[in-house]
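K.L.:
Once you've had a glance at the structure underneath, I'll fire off some questions.
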Amino acid sequence: MLRSCTAGLRSLWALCGRREGAPRLSTDLPPAPRLFSTEKVIHKDWSLPNPSWSKDFKLLFDQFMKKCEDGSWERLPSYKHRSTQKSEDFKTYFLEPKLVKEERVSQVQLFTRGFEDGLGFEYVIFSNNDEKRTVCLFQGGPYLQGIPGFLHGGAMATMIDTALGSCAAIPGGIVMTANLNINFKRPVPICSVVVINSQLDKLEGRKLFLSCNVRSVDEKTLYSEATGLFIKLDPEKSLT
Ligand SMILES: CCCCCCCCCCCC(=O)SCCNC(=O)CCNC(=O)[C@H](O)C(C)(C)COP(=O)(O)OP(=O)(O)OC[C@H]1O[C@@H](n2cnc3c(N)ncnc32)[C@H](O)[C@@H]1OP(=O)(O)O
């Protein structure tokens, strides 16, 4: 089974954070100014197929890409280094510059994209904004092992958090996980493909209540169920 896996200018960061005079909106944030980086900007979208993806994974991917054709679903791109408008907004309104050491800035990358192809988190998320749900296709590679032959529970929790977070982001704004509850029902074999179905159950002010389940491709095995509470960040409040 394991064999089936193949393996802004820096100183602008220091200007980020809740600047004097920055807008204080309690609803959606105005877009932050685009930052330019002297670091090499890598535009690779990591949520596209690579040779490590299994046949099942590619088949499911193709099925969902078909669903995207009428606009009801969309594939969410995923970048290792490149800033998205949302991450720029986060840095501008919520990040205290002193928390990020200057020499570390160039090393920053998205946790789930920090592995070579096929070794860690291979995933793609599709979003249905009208139905307020997302589907995450996930193949956990050999570097995510916990109990021999199976995925580490923390790796599964990471993907559940990411999948729920992508769904919580549908109504807009910047959200953070406040609570995550997971029932692990069956261990997930390393390098198998699972499907994480997430939905927004309730929106109550800044609180977003979500749930998801993790199933095998044939839907016969229920690996996990989870609920999450996400909070839409309030630009009036400091995170620290
Ligand atoms: C950028 C794009 C990149 C995109 C990259 C993709 C990333 C994938 C997603 C990863 C997401 C993460 O892992 S995020 C990282 C892990 N999470 C964290 O580090 C969050 C740490 N916690 C916090 O900073 C804070 O607690 C917040 C921000 C979550 C909430 O603080 P706050 O804004 O001050 O809100 P607060 O007033 O306390 O609470 C608001 C309401 O929620 C309720 N509430 C708050 N916490 C809880 C709780 N645990 N359980 C129940 N209820 C709660 C309160 O009672 C209140 O209810 P009421 O009185 O209004 O009724």
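Derivation of every value follows stated rules applied to the coordinates shown; laboratory data play no part. Here the structure is a predicted model, which is why all the values come from computation and not from measurement. Counting neighbours? That spans all protein chains shown, and the Cβs are built from the backbone with ideal geometry, glycine included.
K.L.:
For the stretch 149-240, which GluC sites (Glu not before Pro) are both in a DSSP coil and crowded by at most 13 other Cβ atoms within 10 Å?
P.N.:
Hits after loop and neighbour filter: 219, 236.
K.L.:
Let me ask something else. Cross-link list 66/132; 101/185; 66/86; 55/202: which exceed 29 angstrom alpha carbon to alpha carbon?
P.N.:
101/185; 55/202
K.L.:
What percent does the relative contact order of the stretch 62-191 come to when contacts are Cα pairs within less than 8 Å and at least six residues apart?
P.N.:
Once divided by the residue count of the stretch 62-191, the mean separation gives 22 percent.
K.L.:
Counting Lys +1, Arg +1, Asp -1, Glu -1, what net charge surrounds residue 186 among other residues with beta carbon under 15 Å of its beta carbon?
P.N.:
Summing Lys and Arg as +1 and Asp and Glu as -1 gives 0.
K.L.:
Show me the ranking of peptides 105-111, 118-124, 134-140 by mean Cβ neighbours inside 10 Å, starting with the highest.
P.N.:
Order by mean packing, descending: 134-140, 118-124, 105-111.
K.L.:
How much length is gained on full extension from residue 55 to residue 99, taking 0.36 nm per residue of separation minus their Cα-Cα distance?
P.N.:
11.6 nm
K.L.:
Per residue of the stretch 117-129, what does 6.51 cos²θ - 1.76 cosθ + 1.60 with θ = phi - 60° give for ³J(HN,Hα)? Whole Hz please, x for Gly and Pro, Karplus curve as stated.
P.N.:
Those phi angles translate into 3, x, 8, x, 8, 9, 7, 9, 10, 10, 10, 10, 5 Hz.
K.L.:
Follow-up question, since we're still on this one. Just to confirm the filter: which trypsin sites (Lys or Arg not before Pro) across the stretch 79-157 are DSSP coil and have at most 12 other Cβ within 10 angstrom of their Cβ?
P.N.:
Sparse-neighbourhood loop trypsin sites (Lys or Arg not before Pro): 101.
K.L.:
Have a look at 136, 105, 123 and report the one farthest towards the positive end of the charge dipole of the stretch 97-139, computed about the Cα centre with Cβ charges (Lys/Arg +1, Asp/Glu -1).
P.N.:
105
K.L.:
Give the residue list of trypsin sites (Lys or Arg not before Pro) in the stretch 149-226 that are DSSP loop and have at most 15 other beta-carbon atoms within 10 angstrom.
P.N.:
Answer in residue order: 185, 206, 220.
K.L.:
Let me ask something else. Could you pull out every one of the aspartates and glutamates with an alpha carbon less than 20 Å from that of residue 80, ignoring same-chain neighbours closer than 8 positions?
P.N.:
By straight Cα distance, residue 80 reaches 39, 45, 88, 89, 102, 103, 116, 117, 122, 161.
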